[in-house]
Amino acid sequence: MRQNREQSSKIRIPLGERIFYMADNVLMILLCVVILIPLIHVVAGSFSDGTKYMSHVGILLWPLDFTLEAYEAVARNPNIWTGYSNTLFVVFVGTVLNLLFSLIAAYVLSRKNYMLKRLFNLMVVFSMYFSGGMIPFFLIVRSVGLYNSIWSLIIPPLINVFNLVIVRTAMLGVPDSLEESAQLDGAGHLTVLFRIITPLIKPTVAVIALYYAVSHWNSWFNASLFLKKRNMYPLQLILREIIIQNDLSASSTGDEAFFMSETIQFATIVVATLPILCVYPFIQKYFVKGIMVGAVKG
Amino acid sequence: MKTAAADKILIPRQPFLKRLAKDMQKNWKLYALFLPVLVYFFVFKYGPMFGLSISFQDYKPARGFLKSKWVGLKHFENFFTDPYFFRLLKNTVTISLSTLIFSFPSAIILALLINELRSRKLSRVVQTVSYIPHFVSTVVICGIIQQLVGRTGGITMILANLFGIEPTNMLLETGYFIPIYIGSDIWQNMGWNSIVYLSALTAIDQELYEAAKVDGANKWNQMIHITIPCLVPTIIIMFILKVGKMFDVGYEKIMLLYTPLTYERADVINTYVYRRGMENAQWSYSAAVGFFNSVVCFLLVFVTNTITRRSGGNSLW
């Protein structure tokens, strides 16, 4: 019977569907709230008074006795500044080199008329599914002399095969005729790559650039393997000392550190996370366009 | 190489190396362009694979890869008889199966729900908000987790009030480790992982829905007969990739969250490799354990891919 009614009233939305839409809206709004609450807690905590926070129990949605003293303590901490500049260096230099290498590699892999094409592609894809693992990787990086060098955060992760395959797939979608006509006009490989193909796959390049930049910004593990000198530590390693190992000497000095340790942790989190969150909305519009699933097929 | 040979089927076949030399002469600019990439792959992707040879040696850094003593399968035998072997295997499989059962479908469901939202504005807001946690670093996520599930943390308090659990530092209790790990994984990645499904959903031909409506299909029928079948290829690809990563469970996060108190449930193969290799400098033994892990990963992708391909579905290759 219900079926009949729905058939007869095509213009009006059936009751069942209306309930579904309502429930869907409510559910999605709830989801947003659940996702945001931990982040709100962090931000509210970072503006709170240290001693007040220590005796606080449960979720925090608003600062307790609004104060900036945690941020002042963060700003006074020299480790944060060196960490910041190390990370910025790695993010900028690293991402530029990542893009350069990935674009060149994807360009060669997506060309058609040379003999070793299949071999090169196989070589790249195989490394996506099989790896030597942590220990040999560490030993290789050490044996090529990158141990205790900031370049150990840039050169070993130069190409992410997953990203490379996405770029390659995007390049395969560019019509050959464009390249051919450019070559007739005497354009070389680099001109074709950077003047013709790259602008055409801008959404993909933007997304990949974001991927690389975010992974540099957030990575800590390789740094913990390869860097021994504190002055080279990227921000995330300093963060780990402050918020995971709760190492007060890294966060601040003196007695204030004890009472403010938690609010300082929150302020550090905010300072370390805000930049990346500010970048991503600008690239968001490319996400759905830039990453189609076909892209990951080998 | 086969296709290249097929292209030249009319030319009398020359020896491979001669043809290659000719091709390299003709396309030398292309090969030159690829040379740095080739070097990179040899050193940093294939280098470690050859470096796995140390798992058959008693590797001494002073002697290097070539001069260390060969010991055959000693380290593998030691690993299989290691008292922790079964614990590591069990934890690795439990954690990765749990992500497969809980995290994996959550992204698909979220994509379907976002897709059904009638307000574009709300849909954009939900997407923007649900992607945010993905951009937060593992270190920060673990810091937040520590705060929220501590003795007076927000989540501990909510659970204590709702279910009357004893408020303790949940990270120090073995039983809570996997729920915390999975829960935070869903929180962090559900939105981000839904993107591929959303892009697959936008690619569905709207005429299919129009036709179904004319035939009297309601929303539910449309979902079952159009939306989900159109998503299946994407789901299969993501599933194979996920299975391939099964033995590579997010060890960075585990390493930040676990303590010796929770090793019982939290210690996985990769974290064990780290402790034995990086902390105790047992290079060869830990390389052998890592080798085992890599082989299992590879076999898993290979087998799943073969199964889905044989059964007529989508596959990676």
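Coordinate-derived values only; no laboratory data. These figures come from a predicted structure and were not determined experimentally. Glycine gets a Cβ as well: all are built from the backbone with ideal geometry, and neighbour counts include every protein chain shown.
Overview of values
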item: Stokes-Einstein D (µm²/s) once Rh is taken as the Kirkwood radius of segment B:196-317 over alpha-carbon pairs, at 10 °C in 1.306 mPa s; result: 89 µm²/s
item: Computed E for A:Leu277/B:Asn78 - FRET, C-beta separation, R0 45 angstrom, nearest 0.05; result: 0.45
item: Farthest toward positive dipole pole in segment A:77-296 [+1 Lys/Arg, -1 Asp/Glu at C-beta], among A:Thr268, A:Gln236, A:Ile135; result: A:Ile135
item: Listed peptides A:133-144, B:217-228, A:223-234 by packing density, highest first (mean Cβ within 10 Å); result: A:133-144, A:223-234, B:217-228
item: Nitroxide proxy distance, nm - points 7 Å out along Cα→Cβ at A:Gln284 and A:Ala75; result: 2.9 nm
item: Label-point separation in nm, A:Ile40 to B:Phe86, each point 7 Å along Cα→Cβ; result: 4.8 nm
item: Shielding score for B:226-235, defined as the mean number of other chain Cβ atoms within 10 Å; result: 1
item: Cα centroid of segment A:271-287 to Cα centroid of segment B:13-89, whole Å; result: 38 Å
item: Gaussian network model of chain A, springs between alpha carbon atoms under 10 Å - residue of A:Ile283, A:Ile19, A:Ile244 with greatest fluctuation; result: A:Ile19
item: Dipole of segment A:77-296, positive end: most advanced residue of A:Pro203, A:Asn121, A:Leu100 [Cβ charges, Cα centre]; result: A:Asn121
item: Using distinct alpha-carbon pairs, which all enter the 1/r mean, Kirkwood radius of segment A:163-226 in Å; result: 13.6 Å
item: Amide H partners (placed H, <5 Å) of B:Gln57, local residues excluded; result: B:Val71
item: Dipole magnitude of chain A about its Cα centre (Cβ charges: Lys, Arg +1; Asp, Glu -1), debye to nearest 20; result: 1300 debye
item: Too-long pairs where the Cα-Cα distance tops 20 Å, listed order kept, from B:Lys90/B:Lys253; A:Lys112/B:Lys26; B:Lys121/B:Lys213; A:Lys202/B:Lys45; B:Lys74/B:Lys245; A:Lys112/B:Lys22; result: B:Lys121/B:Lys213; A:Lys202/B:Lys45; B:Lys74/B:Lys245
item: Positive-end extreme of charge dipole, the protein assembly as shown - chosen from B:Ala32, A:Ile59, B:Val43 (charges on Cβ); result: B:Ala32
item: Inter-probe distance in nm under a simple model that places probes 7 Å from Cα toward Cβ, at B:Val232 and B:Ala203; result: 1.6 nm
item: Shielding by partners - mean other protein chain Cβ count within 10 Å, residues of B:144-153; result: 4
item: Mean projected area in nm² (Cα convex hull; one quarter of hull surface) for the protein assembly as shown; result: 34.4 nm²
item: Solution diffusion estimate, µm²/s, Stokes-Einstein, segment B:45-137, Kirkwood Rh from C-alpha pairs, 25 °C, viscosity 0.890 mPa s; result: 135 µm²/s
item: Shielding by partners, peptide A:237-246 (average Cβ within 10 angstrom, other chains); result: 4
item: Shape parameters for segment B:110-184, alpha-carbon atoms, Rg then Dmax in Å; result: 15.9, 44
item: Calculated FRET efficiency for the pair B:Val214/A:Lys228, C-beta based, R₀ 45 Å, to 0.05; result: 0.05
item: Dipole magnitude of segment B:60-119 about its Cα centre (Cβ charges: Lys, Arg +1; Asp, Glu -1), debye to nearest 20; result: 520 debye
item: R0 of 35 Å, Cβ-Cβ distance A:Ser143-A:Phe89: FRET efficiency to nearest 0.05; result: 0.90
item: Relative contact order computed over chain B (Cα-Cα under 8 Å; 6+ residues apart), in percent; result: 23 percent
item: Ranked by how many other beta carbons lie within 10 Å on average, peptides B:237-248, A:32-43, A:210-221, A:51-62 from highest; result: A:210-221, B:237-248, A:32-43, A:51-62
item: Projected area averaged over orientations for segment A:5-105, convex hull of C-alpha atoms, nm²; result: 14.2 nm²
item: Residue among B:Ala111, B:Ala281, B:Ala212 with the largest mean-square fluctuation in a Gaussian network model of chain B, springs linking Cα atoms under 10 Å; result: B:Ala212
item: Protection-proxy order for peptides A:190-199, B:177-186, each taking the mean of Cβ atoms within 10 Å per residue, highest first; result: B:177-186, A:190-199
item: Surface/4 of the Cα convex hull for chain B, nm²; result: 25.8 nm²
item: log₁₀ of I(q)/I(0) at q = 0.09, 0.10, 0.18 Å⁻¹ - segment A:77-296, Debye sum with one point per alpha carbon; result: -0.47, -0.56, -1.29
item: At least 20 Å along the helix axis (C-alpha) and Kyte average at least 0.0, DSSP helices within chain A; result: A:15-46, A:78-110, A:202-218, A:256-290
item: Aspartates and glutamates whose Cα lies under 20 Å from that of A:Lys117, excluding same-chain neighbours fewer than 8 positions away; result: A:Asp176, A:Glu179, A:Glu180, B:Asp7, B:Asp23
